[in-house]
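Every read-out reported here was derived from the displayed coordinates using simple, explicitly stated rules and does not represent laboratory data. None of these values were measured; they are calculated from a predicted model. Note that each Cβ is placed from the backbone with ideal geometry, even for glycine, and that neighbours are counted across all protein chains shown.
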Amino acid sequence: MANLMNEFPNIEIKQDEPLMNYTYTHTGGPADWLAFPETIDQVRELVNYVHEHKMSLTVLGNASNLIVGDGGIDDLTIILTRLNKVEVHDNKVTAQAGASYVETTKAARDNKLTGLEFAAGIPGSIGGAIFMNAGAYGGETKNVVSEATVMLPDGTITHLSNEELDFGYRHSSVQDNNGIVLDATFTLEPGNYDEIKAKMDDLNERRAAKQPLDLPSCGSVFKRPAGYYAGKLIHDAGLQGYTYGGAQVSTKHAGFIVNIDHGTAADYVNVIHHVQKTVKEKFGVTLETEVRIIGRQD
Ligand SMILES: Cc1cc2nc3c(=O)[nH]c(=O)nc-3n(C[C@H](O)[C@H](O)[C@H](O)COP(=O)(O)OP(=O)(O)OC[C@H]3O[C@@H](n4cnc5c(N)ncnc54)[C@H](O)[C@@H]3O)c2cc1C
């Protein structure tokens, strides 16, 4: 394979870069190549190259909803955190894909715009939030996004409306068209700074009280099964504290799996399988993962 650092001298690219340095779980083997594009043109150059050379392409935002296999990721991985501009015009906030959701909610607050408070503590990027339709405390990304700019695998750029993003529970059309979200525009309502701030502070306090934020994790591991709460099923199955290697079902929040001692992706996957099997046996409920398990699992 060509040396991508020579192919793209203007883009920072690392070879065999350990992804555990980037993921919230602190797990994951090396990316063959990890690129840090800073402009849309750089993203397009990389996408075109991958398309032409029939390589695989993996996109990372803040890597807060991922378990990357211990064997790492084939070919090219791009991380979008340097595409992170946030702009506010009237009641619209446009954030590039790599901007953090948290910073975007602060920009809305500082411009006295209400509607994004629910996302104050979601640690992902805007691209990851669109991809996953991230939500919390009764709010969902789909309720506030008016459109997103998406690059398709052949390098063309398209603007998708809220409808075209086809949001569902932890789903958007970007999961189906293999697109790369480049930015998203949120349409908000004028509000009162103090009220917006109070709501954000309250949600962050509730989060800190319930979630093991002092340990590496990927947030809620499982989707909410219809009619149940994953965390309650896991709690009722007596699984809190279950440990495999360095990965443990959190004793603070049953829906989280925390990395307590140099846990690997394989440890995480073992815990996930044990939880799924036990909950199925005890309650007959299938738990599907919300977290994305990607890469070489060896
Ligand atoms: C402590 C903690 C709390 C959390 N709380 C919540 C919560 O309350 N609500 C919630 O919904 N989630 C929560 N999460 C999960 C996570 O933050 C969200 O799913 C978030 O939206 C993921 O964004 P990310 O940038 O980290 O995505 P990543 O983990 O980097 O990627 C997730 C998926 O999105 C894809 N992706 C990322 N960026 C792009 C892009 N620009 N274009 C196309 N695809 C892309 C990736 O390929 C991958 O498949 C939590 C996680 C943690 C660690």
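E189 to D261: extension gain in nm, 0.36 nm per residue of separation minus the Cα-Cα distance?
Separation in residues times 0.36 nm, less the Cα-Cα distance, equals 21.5 nm.
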Under the classification rounded if a/c is under 1.5, otherwise prolate if a/b is larger than b/c and oblate if not, where does the chain fall, given a ≥ b ≥ c as square roots of the Cα gyration tensor eigenvalues? oblate
If the cut-off is 25 Å between C-alpha atoms, which lysines fall inside it for K106, apart from same-chain ones fewer than 8 positions away? K85, K92, K142, K197, K199, K210
Segment 57-62 - phi-based ³J(HN,Hα) in whole Hz, Karplus 6.51/-1.76/1.60, Gly and Pro as x: 10, 10, 10, 10, x, 8
Restricting segment 157-218 to chymotrypsin sites (Phe, Trp or Tyr not before Pro) in coil, as DSSP defines it, with at most 14 other Cβ within 10 Å: Y169
Report ³J(HN,Hα) in whole Hz for each residue of segment 154-162, in order, from the Karplus equation J = 6.51 cos²θ - 1.76 cosθ + 1.60 where θ = phi - 60°; Gly and Pro get x. 8, x, 6, 10, 9, 9, 9, 6, 3
Among bridges DSSP assigns within the chain, what percent are antiparallel (round to 5)? 80
Where does each of F283, F256 land when they are ranked from fewest to most other beta-carbon atoms within 10 angstrom? F283, F256
I want to verify the translational diffusion coefficient of segment 135-198 in µm²/s; compute it with Stokes-Einstein, Rh as the Kirkwood radius over Cα pairs, at 10 °C and 1.306 mPa s. 121
Taking θ as phi - 60°, what are the ³J(HN,Hα) couplings along segment 197-204 by the Karplus curve (6.51, -1.76, 1.60), each to the nearest whole Hz, with x for Gly and Pro? 5, 4, 5, 5, 4, 4, 5, 5
One can check that the equivalent ellipsoid of segment 86-210, built from the alpha-carbon gyration tensor with semi-axes equal to the square roots of five times its eigenvalues, has lengths in Å, largest first, of 25, 16, 11
Separation of the N48 and H235 label points, Cα + 7 Å toward Cβ, nm: 5.4
Looking at segment 4-79, send over the antiparallel percent of its DSSP beta bridges, to the nearest 5. 45
Answer with one residue from I130, Q42, M20: the one whose Cα lies farthest towards the positive end of the charge dipole of segment 1-137, charges on Cβ with Lys, Arg +1 and Asp, Glu -1. I130
Run the numbers for T286 and N204: contour at 0.36 nm per residue of separation, minus the present Cα-Cα distance, in nm. 26.5 nm
Find the percent of Cα-Cα distances in segment 230-294 that exceed 14 Å, and round it to a whole number. 52
Which residues' amide hydrogens lie under 5 Å from the amide hydrogen of V59, considering only partners 5 or more residues apart or on another chain, with H built in the peptide plane? I78
Run the helix sum for the chain: -39,500 (n - 2.57) per DSSP H stretch of 4+ residues, divided by residue count, reported at 222 nm to the nearest 500 deg cm²/dmol. -8000 deg cm²/dmol
Bridge orientation stat for segment 1-141 from DSSP, antiparallel percent rounded to 5, came to 60
